[in-house]
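The values are calculated or read from the model by the stated rules, or taken from the named source; none is laboratory data. Given the structure is predicted, the values throughout are model-derived calculations rather than measurements. A quick note on method: Cβ atoms are made from the backbone with ideal geometry, for glycine too, and the neighbour counts reach across all protein chains shown. We work out accessible area using only protein heavy atoms, side chains counted, and drop any ligands, DNA or RNA first. Shrake-Rupley method; radii C 1.70, N 1.55, O 1.52, S 1.80 Å.
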Amino acid sequence: MCGIVGYAGHDKAGPILFDTLKRLEYRGYDSAGVAIISNGEIQVVKSAGRIEDLEKIYRDIGSPGENMGIGHTRWATHGPPTAVNAHPHVSDDVAVVHNGIIENYLALKEQLMRGGVEFRSETDTEVLAHLIGSCYRGDLAEAVASAVSLVEGSFAIAVMAKGSPRLVCARKESPLVIGVGEGANYVASDVSALLPYTRDVIRMKDDEIAIIDAETVTLRDVAGRSLPIDLERVDWDVDAAEKAGYPHFMLKEIYEQPRAIQETLASRTSEIDGEVRMDIGLTDLEIKSLDRFSIIACGTSYHAGLLAKYLYPKAAGLPVDIEVASEFQHLLLKPGTLLLSITQSGETADTLNAMKKASTFGVKRLAITNVVGSTVTNMVDGTIYTRCGPEIGVAATKTFTGQLVAMILLAIKLGRARNYLSYENARKMLVELARLPGQVQEVLDGRDVIREIAEEYAKNNQYFFIGRDFLYPIALEGALKMKEISYIPAEGYPAGELKHGPLALITDGTPVVALATHGKKIQANIKEVRARGADVIAFASEGDPDIPKIATTVVEIPGARPVFSSVLCTVALQLLAYYTADARGLPIDKPRNLAKSVTVE
Ligand code: F6R
């Protein structure tokens with residue numbers, strides 16, 4: 001997730017671009033850049049770091065005549081956050097800012113290189129700049145239309161060209177809003193950036209192309225046919241707009257999960273040949289010679305790691321050890337082990353210290369993280385990035401499901417390279433994986449049922465979460481989310497463990513969340529707690545005939561194999577925790593005593 005802006009008007013573009021970019025900084029803040037047309041020439045300034053850093057090096061590059069420009073604040077997905085990789089990207093005559101992922105960028109890049117194009121950055125966006133540049137013969141909208149018809153993936157772009165008096169924008173599956181002002185028009189990834197300037201906006205739709213100057217905005221399709229304009233008046237305040245109208249960042253981030261999963265999968269899977277194409281810094285020979293998989297992580301990331309215990313023995317023939325990073329000293333790593341650290345921030349002190357200690361074992365090391373260029377990435381042989389965009393709510397949500405998806409991709413990759421997972425099984429898993437974003441959306445659409453349950457039990461002073469197999473880590477994660485933001489003591493257990501002690505805590509009306517989408521054994525555990533007076537809130541597969549007969553309340557989850565159910569149940573439990581905390585009137589995005597990045601041991 002990145003932020004893009006654009007301006008065409010009679011005022012100086014620079015200050016407006018910087019102001020609007022700062023309002024989008026929550027979408028990404030590892031590097032930034034602006035391009036301005038000044039005296040007919042495109043001038044570009046870019047830097048790594050925050051927008052303030054860019055502003056310091058920005059010189060008053062365009063007086064007079066500097067009244068059109070584009071800008072970008074980046075959250076890296078392709079290539080580290082350096083000035084070279086920052087947007088705008090340019091060809092000879094064209095400058096582009098982009099949000100999204102170009103899935104076929106490698107094929108397009110090779111094609112352009114064969115035609116003599118030299119690339120400066122590692123980004124997918126530079127491909128777009130050269131592609132538009134190669135189509136540009138004086139009509140920028142025409143060039144953008146031709147270029148985007150060759151592109152697979154998602155994009156929101158704003159484009160300027162030498163000699164073009166207008167900005168051109170296009171979108172597919174990434175947000176883009178045009179602000180319509182008096183003698184000035186604006187572009188932004190999000191309404192929040194535009195509110196100080198105008199409240200009249202056009203939300204661009206997929207496959208639309210917008211042509212913008214100070215006085216006019218026109219819309220057309222890729223074939224050049226003009227399209228009607230749907231002008232909307234926005235009455236949000238700035239705070240609500242930053243959260244895209246959601247009351248909290250956490251809820252916004254919960255809702256971003258279909259997109260985050262889609263982006264984490266983008267260009268990495270081939271359903272046809274059952275392959276996962278992801279560079280993990282190990283050759284196939286090295287992957288074949290592995291005999292153990294060890295994982296270290298903390299908190300929510302540790303729960304993502306726990307999934308491996310159920311997934312990797314069967315999918316990749318690898319036994320799994322997992323340890324919370326602060327207890328790593330007890331893990332003995334033998335040659336042939338692949339060590340994975342999972343950390344959304346890439347900066348958690350416990351995890352980094354464990355990775356440092358692990359270097360003495362001389363084993364191959366891998367990281368799953370959401371932050372390109374974070375410290376952990378310098379300590380490993382390979383990194384798998386979740387492409388979730390920045391997460392602002394302290395409680396991890398979209399980065400957790402991103403981690404689960406990355407773990408699944410890695411299992412398929414290792415399983416195939418080790419000839420452990422059959423082509424047919426890998427292919428089936430990839431087909432089902434592609435359905436996951438839509439199924440997550442279905443869970444989100446069922447939020448009202450979950451909200452009612454949350455409100456009913458919000459005054460309770462304890463919660464239990466039980467699950468078996470793939471759903472045990474999710475029971476732990478559900479309990480952690482509940483504790484973190486609602487402050488209700490909540491415990492997660494393997495469903496079979498209750499009878500070995502915790503059952504003593506069950507009394508009349510104790511809420512027990514049972515993750516019951518798979519397996520018959522959990523039915524006995526549900527009956528066990530019901531017999532002691534518990535209220536069972538069961539998450540069951542759609543159409544399950546048995547669970548409704550034994551649970552107090554049932555929430556239906558789309559049918560999926562257990563490993564994918566872990567993602568779907570997670571989303572439902574995030575909503576349960578969220579609505580519980582909301583009903584208790586708590587500061588959801590900043591729970592007491594917690595920090596987003598824990599950089600002390
Ligand atoms: C819980 C949460 C924490 C983090 C933990 C590790 O919602 O966010 O438990 O998961 O502090 O953080 P990372 O993943 O950044 O290493």
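So if I place +1 on the C-beta of Lys and Arg and -1 on the C-beta of Asp and Glu, and nothing else carries charge, what would the dipole magnitude of the range 116-191 be about its Cα centre? I want it in debye, nearest 20. Show your work: numbers first, answer last.
On the way: 6 positive and 10 negative charges, 51 e Å.
In debye, rounded to 20, the range 116-191 gives about 240.
For the chain, give the magnitude of the charge dipole about the Cα centre (Cβ charges: +1 Lys/Arg, -1 Asp/Glu; no others), in debye to the nearest 20. Can you show the working numbers first?
Working: 63 positive and 77 negative charges, 348 e Å.
Dipole magnitude for the chain comes out near 1680 debye.
Taking Cβ atoms as reference points and 14 Å as the exclusive limit, the residues near GLU456 contribute a net charge of -2, counting Lys and Arg as +1 and Asp and Glu as -1. Treating r as the C-beta distance of LYS549 and ASN425 and R0 as 30 Å, the FRET efficiency rounds to 0.35.
With the charge dipole of the chain set up from +1 on Lys and Arg Cβ and -1 on Asp and Glu Cβ about the Cα centre, the Cα lying farthest toward the positive end among the listed residues LEU219, SER149, ALA504 is that of ALA504. Between amide H atoms placed 1.01 Å from N, distances below 5 Å from ILE557 occur with ALA540, SER541, GLU542, all of them 5 or more places distant or on a separate chain. Exposure check, 1.4 Å probe, all protein chains in place: ILE209 carries approximately 0 Å² of accessible surface. Considering only VAL555, ASN525, SER566, and ranking their Cα positions along the charge dipole of the range 519-601 that arises from unit charges at the beta-carbon of Lys, Arg, Asp and Glu, the one farthest toward the positive end is ASN525. Here's how it looks for SER31: its modeled amide H is under 5 Å from those of GLY49, ARG74, which are all 5 or more places away or on a different chain.
To the nearest 10, the accessible area of THR77 is 30 Å² with a 1.4 Å probe. Extension gain for GLU327 to VAL222 (0.36 nm times residue separation, less C-alpha to C-alpha distance): 32.1 nm. Residues ARG120, ARG137, ARG259, sorted by accessible area with the largest first, give ARG137, ARG120, ARG259 [1.4 Å probe; ligands and nucleic acids excluded].
Dividing the Cα radius of gyration of the range 446-583 by its Kirkwood radius returns 0.92 for Rg/Rh. Annotation note: GluC sites (Glu not before Pro) in the range 117-205 located in DSSP loop regions with a Cβ neighbour count of at most 16 within 10 Å are GLU118, GLU122, GLU152, GLU182. Within the range 446-583, what whole-number % of the accessible surface is contributed by carbon and sulfur, with the 1.4 Å probe and all protein chains included in the calculation? The value for the range 446-583 is 49 percent carbon and sulfur by accessible area. Along the axis of the charge dipole computed for the range 1-109 (Cβ charges of +1 for Lys and Arg, -1 for Asp and Glu, origin at the Cα centre), the listed residues GLY6, TYR105, TYR26 are led at the positive end by TYR26.
How big is the antiparallel share of DSSP beta bridges in the chain, given as a percent to the nearest 5? The partial results should precede the final answer.
On the way: 61 of 100 bridges.
Within the chain, antiparallel bridges account for around 60 percent of the total.
Of all accessible surface on the range 252-441 at a 1.4 Å probe, what whole percent is carbon and sulfur? Don't jump to the answer; show the numbers that get you there.
On the way: 3140 of 6360 Å².
Here it works out to 49 percent.
Counting only alpha carbon atoms, the long axis of helix 447-457 and the longest principal axis of the chain meet at about 50°.
Computed 3J(HN,Hα) for the range 526-539, one whole-Hz value per residue from the Karplus formula 6.51 cos²θ - 1.76 cosθ + 1.60 where θ = phi - 60°, is 5, 4, 4, 7, 4, 5, 9, x, 5, 8, 9, 9, 9, 9, glycine and proline marked x. Sequentially through the range 76-88, phi angles give Karplus couplings (6.51, -1.76, 1.60; θ = phi - 60°) of 4, 10, 10, x, x, x, 10, 4, 5, 7, 5, 8, x Hz, Gly and Pro residues having no value and appearing as x.
For MET482, what charge total do you get from the other residues with a beta carbon under 12 Å from its beta carbon, if Lys and Arg give +1 and Asp and Glu give -1? That sum, taken over residues with Cβ under 12 Å, equals 0.
Under a model in which nothing but the beta-carbon of Lys, Arg (+1) and Asp, Glu (-1) is charged, the range 446-583 shows a dipole of about 380 debye around its Cα centre.
So, counting K/R as plus one and D/E as minus one, what does the shell of residues with Cβ under 15 Å around ALA316 add up to? Taking every Cβ under 15 Å from that of ALA316, the sum is +3.
Over all distinct alpha-carbon pairs, what is the Kirkwood Rh of the chain in angstrom? The partial results should precede the final answer.
Working: mean 1/r = 0.0395 Å⁻¹.
Result for the chain stands at 25.3 Å.
Whole-Hz Karplus values for the range 316-324 come out as 10, x, 10, x, 10, 10, 9, 9, 5 Hz, taken residue by residue from phi with 6.51 cos²θ - 1.76 cosθ + 1.60 and θ = phi - 60°; glycine and proline positions read x. Computed with a 1.4 Å probe over protein heavy atoms only, the accessible surface of the range 446-583 comes to 36 Å² per residue.
Using heavy atoms of the protein chains and a probe of 1.4 Å, the accessible area assigned to ILE392 is about 60 Å².
Amide H to amide H, with H built 1.01 Å from N, GLY153 comes under 5 Å of GLU103, counting only residues 5 or more places away or on other chains. Across the range 86-244, Cα-Cα pairs more than 20 Å apart make up 48 percent of the total.
Using only alpha carbon pairs under 8 Å that are at least six residues apart, calculate the relative contact order of the chain and give it in whole percent.
Working: 1378 pairs, mean separation 65.1, N = 601.
11 percent.
Rounded, prolate or oblate: which fits the range 270-342 when a ≥ b ≥ c are the square roots of the eigenvalues of the alpha-carbon gyration tensor, with rounded for a/c under 1.5 and prolate only if a/b beats b/c? Verdict is prolate for the range 270-342. Ordered by solvent-accessible area of protein heavy atoms (1.4 Å probe), largest first, the residues PHE119, PHE470, PHE465, PHE361 come out as PHE361, PHE119, PHE470, PHE465. Computed on protein heavy atoms with a 1.4 Å probe, the accessible areas place THR216, THR377 in the order THR216, THR377, largest first.
As an exercise, identify the trypsin sites (Lys or Arg not before Pro) in the range 497-576 lying in DSSP coil whose Cβ has no more than 11 other Cβ atoms within 10 Å. Don't jump to the answer; show the numbers that get you there.
Details: sites: LYS499, LYS520, LYS521, LYS527, ARG530, ARG532, LYS549; in loops: LYS520, ARG532.
Passing both the DSSP loop test and the Cβ count: LYS520.
So for the range 1-54, averaging the separation of alpha carbon pairs under 8 Å that are six or more residues apart and normalising by length, what relative contact order in percent results?
Working: 67 pairs, mean separation 16.3, N = 54.
Result for the range 1-54 is 30 percent.
Using only the Cα atoms of the range 252-441, build the gyration tensor, take square roots of its eigenvalues as a ≥ b ≥ c, and label the shape rounded, prolate or oblate: rounded if a/c is under 1.5, else prolate if a/b is larger than b/c, else oblate. Here the range 252-441 falls in the oblate category. Solvent exposure of the range 180-334 amounts to 43 Å² per residue of accessible area, where only protein heavy atoms count and the probe is 1.4 Å.
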